[in-house]
Structure formats: structure tokens, C-alpha cells
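Data first, discussion second: the structure below is written as C-alpha cells.
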Amino acid sequence: MSGHSKWATIKRKKEVTDQKRASAFTKVTREIIVAAKAGGGDPNNNFRLRLAVLKAKEANMPNDNIQRAIKRGVGESDAAQFEEVYYEGYGPGGVALLVQCLTDNRNRTAGDMRYIFSRNNGNLGEAGCVAWIFAQKGLIIVDAEEYGKSEEELFEAAIEAGAEDLKNQDDTFEIYTETSQLETVRQSLENQQIPLKSAELTMVPSNTVELDAEQAQQLLKLVDALEDNDDVQNVYGNFEIPDAIMDELNK
């Protein structure tokens, strides 16, 4: 999944416009509401909420906004009833795409997904058509420059903390864990003063499809269109894009 990972890293580096920031706030607010509704409003006792709050802070969301979202989730104020829905389909080059949504209107979201896929060289599939390719894992991102030490040292620290694997993505390190070990590994690395950029649950594919330049351009356009939809929380894909092609696309 290095192609998707690298694309996500590049996107994080881009300047955040007011419109993009507002969209990020909308997405993370929904995640906080759903997490608080499912597991209560105390992040110390609700792992999903704790991750959502961390993501909100990464997006520079004001603390007042975070607290309001938690209160909406636990029913202390009027709140739309959001539910989690996954959509599955295929992109250019036969790439499998799994789209996580939080929506208060399934009919609207389903229509939006069908439209976005069809307009961007993709096909929306039936439930279960690609989900089997993905497994949920914990993912911790470490900025390589901020860390300042070798990959070998971080790998050793991560494995000792209970991680499964580490991947070098040039300017970041990706640490993968079992979902149940994400919090344990995160806390262990923080206790070792290792600066963490983010910690979240992700979906990792069991196989990947390597794309050529034209397919990569079309696929990333589709992923961008999906991520621009407010109902979409995450887009997971099993594509691999060679570094030379990725660098050329981002000139």
C-alpha cells in the first residue's frame, strides 16, 4: 500500500486551505460523535474516541469544538444520527477500493458514491466484493526528520513495544500493529520520547496492484474526489505507484 501511503504523506504536506480545513473538521467531528455515542464520552475509557480526539488535535481543531462534539455524541445536545457504512468498488487498473463513510442519510451517500465512481473511471461494486482483501491494523506515523535516529533503532523500539512491522516511506516511518496492540505500542513509544505524528486504525491490503502513469493519475483523481466528500472518512486501496511516477505526478 506504499503508493497510497506516499500519496497521503504528500497531501499532508500541502498547504491547508480554509475549505479543506473545514472539511477536515466536519469529518473528525462526525468520528468523535459516533465514537462517543458508541463508547461514552471519556477518552480514557473509550479507545476509538481517544483516537478521534488525537486526530482532531492533529487537524488543529479547537478544544471547544472537540468538547461540543463529545457532548453531541453522548446526547447532551441535539445531534444528527450518524452511522458507519462501507462502500466497495474498483478503480483504474483494477484497484480495489474500500470507502469508509459516516452518514446521516444512506440514500444520499450511496448516490454520491455511485456518481463519484462512475465519473472517475471507477465502478461501485456490491458489498463484500473487495472487503476480503483488507485487514484492520493499527498504524503509527513517525516523522523521520523529527525522530532524528536510524530506522534500525526505531524498528527495535517498535518491535519491543509489541509492533508487527515498520516501513520506511522516505520522510516518515509507518509502524503497524495488531488493532488490540495499537494503544499499548503508542504509549510505549511516547514513554521513550519518540515523537509520534499520528496513531489510527487503518485497513491494509493482502495484495497490491502496480499502476502505470496514466492509471495512477486516474486513480488518484478518483481517490481525491472520494475524499472531498464530507461523508467519506477514509479511502483504502491496494495500489502501488512507483516512486518515479509519483514524483512526476506531483511536480
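When the residues of region 181-210 are narrowed to those that are closer than 21 Å to Gln233 by Cβ and either among the hydroxyl-bearing types (Ser, Thr, Tyr) or touching a His at 6+ places or on another chain (Cβ under 7 Å) (or both), which ends up modelled with the highest pLDDT?
Per the stated criteria, the residue is Thr202.
Can you say whether Val185 is touching a residue at least 12 places away in the same chain (Cβ under 8 Å) and farther than 22 Å from Ala131 by Cα, as far as the supplied structure shows? Before the answer, list the steps.
Working: touching a residue at least 12 places away in the same chain (Cβ under 8 Å): yes; farther than 22 Å from Ala131 by Cα: yes.
So Val185 fits the description; yes.
Cβ-Cβ distance below 8 Å, separation of 6 or more or different chains: which pairs start in region 94-116 with a residue that is within 12 Å of Asn229 (Cβ to Cβ) and end on one that is surrounded by fewer than 16 Cβ atoms within 10 Å (Cβ to Cβ)?
Gln100/Glu84; Cys101/Glu84; Leu102/Glu83; Leu102/Glu84; Thr103/Glu83
For residues that are over 16 Å from Ala135 (Cα atoms) and open to solvent by less than 60 Å² (accessible area, probe 1.4 Å), tally how many sit in region 191-213. Walk me through it before giving the result.
Start the filter on region 191-213 by keeping residues that are over 16 Å from Ala135 (Cα atoms), which leaves 191-199, 209-213.
Okay, now just the ones that are also open to solvent by less than 60 Å² (accessible area, probe 1.4 Å), so 194-196, 198-199, 209, 211, 213.
Counting residues in region 191-213 that are over 16 Å from Ala135 (Cα atoms) and open to solvent by less than 60 Å² (accessible area, probe 1.4 Å) gives 8.
Go through Arg12, Arg21 for me and flag whichever is at pLDDT below 70, under 15 Å from the mean Cα position of the chain (by Cα) and open to solvent by 30 Å² or more (accessible area, probe 1.4 Å). Working first, answer last.
Details: Arg21 fails: under 15 Å from the mean Cα position of the chain (by Cα).
After ruling out the rest, the residue left standing is Arg12.
Within region 83-102, does at least one residue satisfy the condition of being open to solvent by 40 Å² or more (accessible area, probe 1.4 Å) and farther than 30 Å from Val209 by Cβ?
Yes: one or more hits.
Residue pairs, Cβ under 9 Å, 6 or more apart or interchain, first in region 171-182 and aromatic (Phe, Trp, Tyr), second open to solvent by less than 50 Å² (accessible area, probe 1.4 Å) and part of a loop (DSSP other than H, G, I, E, B). List them.
Every condition considered, the pairs that remain are Tyr176/Ala163.
Would you mind stating whether Ala216 is closer than 15 Å to Phe173 by Cβ, open to solvent by less than 30 Å² (accessible area, probe 1.4 Å) and not basic (Lys, Arg)?
In short, no.
The values are calculated or read from the model by the stated rules, or taken from the named source; none is laboratory data. All of these numbers come straight from a predicted model, not from anything done at the bench. Here the Cβ is made from the backbone with ideal geometry for all residues, glycine too, and neighbour counts use every protein chain on show. Side chains included, ligands, DNA and RNA excluded: accessible areas come from the protein's heavy atoms. Shrake-Rupley method; radii C 1.70, N 1.55, O 1.52, S 1.80 Å.
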